[in-house]
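Single-structure report; data block below.
The values are calculated or read from the model by the stated rules, or taken from the named source; none is laboratory data. What you see is a predicted model; the values in this text were computed from it and never measured. A quick note on method: Cβ atoms are made from the backbone with ideal geometry, for glycine too, and the neighbour counts reach across all protein chains shown. Remember, those area values only see protein heavy atoms, side chains included, never the ligands or the DNA or RNA. Shrake-Rupley method; radii C 1.70, N 1.55, O 1.52, S 1.80 Å.
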Amino acid sequence: MTTIPISFTVNDRDVELSLDPRESLLDVLRERLALTGTKKGCDQGHCGACTVHLDGRRVLSCLTPAVQAAEQHVTTIEGVAGQDGDLHPLQQAFIDNDALQCGYCTPGQIMSGLACIAEGNTTTDDTIREYMSGNVCRCGAYVGIVAAVRQCAHRTEAS
Ligand code: FES
Ligand code: FES
C-alpha cells in the first residue's frame, strides 16, 4: 500500500502522518487522532454530522480525503471552546435554547452554525434554515438549533 506523508494542524496542534490516500479526514480524525467529537452518521455526505472546518471553510469530513488537509488548518468541535474551557457562545446558545436531545448531530450542527455566522447567512430564520439544511437532526431539534444560531449571531454582531 502506498502512503503519503502529510503535515497539517488540528485545533492548533501540528500533526504529521503517513496516510493512505483513500483515508477520509473523518476516519483520520476519529481513529488516528482520537478526536471522536466529530461524528460519523451516514459516511456518504448526506447528514452533516461529520462537519469540520478546513482553513475556515466547512467541509464534510467523510467526503474529504485526509491528504487534502495537507498544509491546512483543521478545526473540529474539540477546538471550539476557549483554552480555559469556557464554552464558545454558540455552544452556550445550544444549551440555552435546548437545541439538542441525543446530541449526536450537535458537533456538526455547531461547526455548520459557526460557518453560517461567519458567512453572514443569519439575516432571517429562513436563511439560517437554508444554510443549515445540510445538517440533519433525527431528534428534530430544529427550532432550538435555529434559535441558537440566531442568538449567537446577534451576540456576535453586537460585540
Ligand atoms: Fe459525513 Fe454524514 S457522516 S455527511
Ligand atoms: Fe439527536 Fe440531533 S439531537 S440527532
Scan of region 117-145 for residues that are open to solvent by less than 70 Å² (accessible area, probe 1.4 Å) and within 16 Å of ligand 1 (Cβ to nearest atom), ordered by number:
MET132, GLY134, ASN135, VAL136, CYS137, CYS139
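Among the residues of region 1-34, which ones are part of a loop (DSSP other than H, G, I, E, B) and small (Gly, Ala, Ser)? Before you say what the answer is, go through the steps one by one.
Taking region 1-34 as the starting set, the residues that turn out to be part of a loop (DSSP other than H, G, I, E, B) are 1-3, 11-12, 20-23, 33-34.
Residue satisfying the conditions is ALA34 alone.
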Would you mind telling me which numbered condition in (1) more than 16 Å from ligand 2 (Cβ to nearest atom); (2) surrounded by 22 or more Cβ atoms within 10 Å (Cβ to Cβ); (3) farther than 20 Å from PHE8 by Cα SER112 fails?
(1)
Might you let me know whether region 31-41 holds any residue that is among the polar types (S, T, N, Q) and in contact (Cβ under 8 Å) with a residue 40 or more places away in the chain?
yes
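Test ASP84 against the stated conditions and say whether it is modelled with pLDDT of 95 or more and exposed (fewer than 14 other Cβ atoms within 10 Å of the Cβ). Outline the logic, then answer.
Values: modelled with pLDDT of 95 or more: no; exposed (fewer than 14 other Cβ atoms within 10 Å of the Cβ): yes.
For ASP84, the condition - modelled with pLDDT of 95 or more and exposed (fewer than 14 other Cβ atoms within 10 Å of the Cβ) - is not met.
How many residues does region 14-72 hold that are among the polar types (S, T, N, Q), over 17 Å from CYS137 (Cα atoms) and surrounded by 23 or more Cβ atoms within 10 Å (Cβ to Cβ)? Working first, answer last.
Residues of region 14-72 among the polar types (S, T, N, Q): 18, 24, 36, 38, 44, 51, 61, 64, 68, 72.
Applying the additional criterion that residues be over 17 Å from CYS137 (Cα atoms) yields 18, 24, 36, 61, 64, 68, 72.
Checking which are surrounded by 23 or more Cβ atoms within 10 Å (Cβ to Cβ) leaves us with 61.
Selection size over region 14-72: 1.
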